[in-house]
Amino acid sequence: MKSPLLSLPGAVPAEGADEGVAAHYGDLFREQRALADGTGFVDLSHRGVITVSGEDRLSWLHLLLTQHVSELPAGQATEALILSAYGHIEHALYLVDDGETVWAHVEPGTQESLIAYLESMKFFYKVDVADRTAEFAVVYLPAGSIAEVPEGVVVRETPYGRDLFLPRADLESFAQKAGPAVGILAYEALRVEQHRPRLGFETDHRTIPHELGWIDTAVHLQKGCYRGQETVARVQNLGKPPRRLVFLHLDGSEVHLPTAGTEIRLADEDPDGRKIGFITTSVRHHELGPVALALVKRNVPVDAPLVAGETAAAQEVVVEP
């Protein structure tokens, strides 16, 4: 779904998973600084929006999600995962309940398969699941923003900022009041700085929550009764995940940034040495320079110098080995 804000001056369209919104509006570092200072907004209208209504909505979702939501207070933001039977991450949901309806935004293009799964699990529960992507656009306001939120708009407030479920028809008028507009690349740079994983970026077909630190924010370890819970409990109680998320400081003298999928090896091994991980997201940060998130094997020493492709990298622990 192409955002109308791509018509704003300087807008450069994003590509890949974020197609449909602006990558930037002409000055990436200025836009990053604006977000870091609590000003501006980010158009996330390409993300999927779903709602779950009905008197059983919270108790029903509690049975399906990794998070404890049966008693979720109205207005309290949370995040949750849906796992496969083997504990691999299939969906990530960013939730808030407004007292009558659960609102969630999800990765672009994943809402259809998510809704298909939810519909298959309704059984006798009094719930209604709906795809609201065509009606509502997600807009992000950074922490500290004093931008006015239109009356009646559902807000999901987190330590990182506020997600607004804005009527799509109001997107252009909101942009005129809440500017400056900030592109998705600036948003991603701050996400990487904050070590926050993203479905489809930090995940692959075999990722489990422990590897990304999602076990701390999106999984409730004292609840059961959800698909994949056995794997979560077994790894938590008896073992360690095979991989771990790291934050990388990349050699700033390199002209080219190593892209997602770039293989990582130990710096003291020859160029044909064994692969011990790969880049998941790489960005240019306005203060830190080139940085990245990556998945590496759990037993890689935390102080070991690394090489991503041909770029030297120093790791910072996100998930403990």
query = Of the residues 99, 87, 16, which is farther than 29 Å from residue 211 by Cβ and modelled with pLDDT of 95 or more?
reply = 99
message = I'm told residue 216 meets every condition in (1) within 30 Å of residue 101 (Cα to Cα); (2) under 16 Å from the mean Cα position of the chain (by Cα); (3) buried (at least 17 other Cβ atoms within 10 Å of the Cβ) except one. Can you identify the failing condition by its number?
response = (3)
task = Determine which single condition residue 289 fails, assuming it passes every other condition in (1) more than 19 Å from residue 185 (Cβ to Cβ); (2) loosely packed, with under 15 Cβ neighbours inside 10 Å.
result = (1)
Residue 193 vs. criteria open to solvent by 40 Å² or more (accessible area, probe 1.4 Å), modelled with pLDDT of 95 or more and within 23 Å of residue 259 (Cα to Cα) = yes
query = Taking residue 131, is it farther than 30 Å from residue 39 by Cβ, under 22 Å from the mean Cα position of the chain (by Cα) and in contact (Cβ under 8 Å) with a residue 60 or more places away in the chain?
reply = yes
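So that you can scan it fast, the table gives a plain yes or no per residue for (1) surrounded by fewer than 22 Cβ atoms within 10 Å (Cβ to Cβ); (2) farther than 17 Å from residue 157 by Cβ:
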| position | (1), (2) |
| --- | --- |
| 54 | yes, yes |
| 58 | yes, yes |
| 62 | yes, yes |
| 79 | yes, no |
| 90 | yes, yes |
| 103 | no, no |
| 107 | yes, yes |
task = Look through the stretch 164-185, keep the residues that are within 30 Å of residue 292 (Cβ to Cβ) and at pLDDT 95 or above, and return whichever of them is most open to solvent (accessible area, probe 1.4 Å).
result = 185
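Within the stretch 119-142, can you find the residues that are open to solvent by 30 Å² or more (accessible area, probe 1.4 Å) and out of contact with any Asp or Glu (no Cβ under 8 Å at 6 or more places or on another chain)? Talk me through it step by step, then tell me what you get.
First, the residues of the stretch 119-142 that are open to solvent by 30 Å² or more (accessible area, probe 1.4 Å): 119-126, 128, 131-132, 134-136.
Hits for the stretch 119-142 are 119, 120, 121, 122, 123, 124, 128, 132, 134, 135, 136.
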inquiry  = Could you check the stretch 137-164 and list, in sequence order, the residues that are in contact with a Lys or Arg (Cβ under 6 Å, 6 or more places away or on another chain) and either within 27 Å of residue 55 (Cβ to Cβ) or among the β-branched types (Val, Ile, Thr) (or both)?
reply    = 138, 155, 163
Odd one out for residue 225, checked against (1) within 29 Å of residue 70 (Cα to Cα); (2) out of contact with any Phe, Trp or Tyr (no Cβ under 6 Å at 6 or more places or on another chain); (3) at pLDDT 95 or above = (3)
Given (1) more than 18 Å from residue 94 (Cα to Cα); (2) open to solvent by 50 Å² or more (accessible area, probe 1.4 Å); (3) assigned to a loop (DSSP other than H, G, I, E, B), index of the condition residue 145 fails = (2)
task = Pairs only if they're at least six apart or on different chains, beta carbon under 6 angstrom, first in the stretch 70-87 and in contact (Cβ under 8 Å) with a residue 12 or more places away in the chain and more than 8 Å from residue 228 (Cβ to Cβ), second part of a strand (DSSP E or B) and among the hydrophobic types (A, V, I, L, M, F, W, C); list them, first residue then second.
result = 77/96; 78/95; 80/93; 81/89; 81/92
inquiry  = Looking for something open to solvent by 10 Å² or more (accessible area, probe 1.4 Å), touching a Phe, Trp or Tyr at 6+ places or on another chain (Cβ under 8 Å) and not aliphatic (A, V, I, L, M) - is there at least one such residue anywhere in the stretch 300-314?
reply    = no
message = Against the conditions (1) touching a residue at least 60 places away in the same chain (Cβ under 8 Å); (2) more than 19 Å from residue 194 (Cα to Cα); (3) surrounded by fewer than 22 Cβ atoms within 10 Å (Cβ to Cβ), where does residue 274 fall short? Just the number, please.
response = (1)
request  = Go through (1) in contact with a Leu (Cβ under 8 Å, 6 or more places away or on another chain); (2) crowded, with 21+ Cβ neighbours inside 10 Å and name the single condition residue 83 misses.
outcome  = (1)
ask   = Quick one: is residue 260 aliphatic (A, V, I, L, M), surrounded by 14 or more Cβ atoms within 10 Å (Cβ to Cβ) and over 21 Å from the mean Cα position of the chain (by Cα)?
value = no
query = For residue 71, are the conditions met, namely being in contact with a Lys or Arg (Cβ under 6 Å, 6 or more places away or on another chain) and open to solvent by 50 Å² or more (accessible area, probe 1.4 Å)?
reply = no
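If you go through the stretch 253-262 one residue at a time, do you hit one that is more than 26 Å from residue 275 (Cα to Cα) and among the aliphatic types (A, V, I, L, M)?
As a first pass, look at the stretch 253-262 and keep what is more than 26 Å from residue 275 (Cα to Cα): none.
Within the stretch 253-262, not a single residue is more than 26 Å from residue 275 (Cα to Cα) and among the aliphatic types (A, V, I, L, M).
The values are calculated or read from the model by the stated rules, or taken from the named source; none is laboratory data. These figures come from a predicted structure and were not determined experimentally. Using ideal geometry, Cβ is built from the backbone for each residue, glycine included, and neighbour counts are taken over all protein chains shown. For the accessible areas, the whole protein counts, side chains as well, though only heavy atoms, and no ligand, DNA or RNA atoms are used. Shrake-Rupley method; radii C 1.70, N 1.55, O 1.52, S 1.80 Å.
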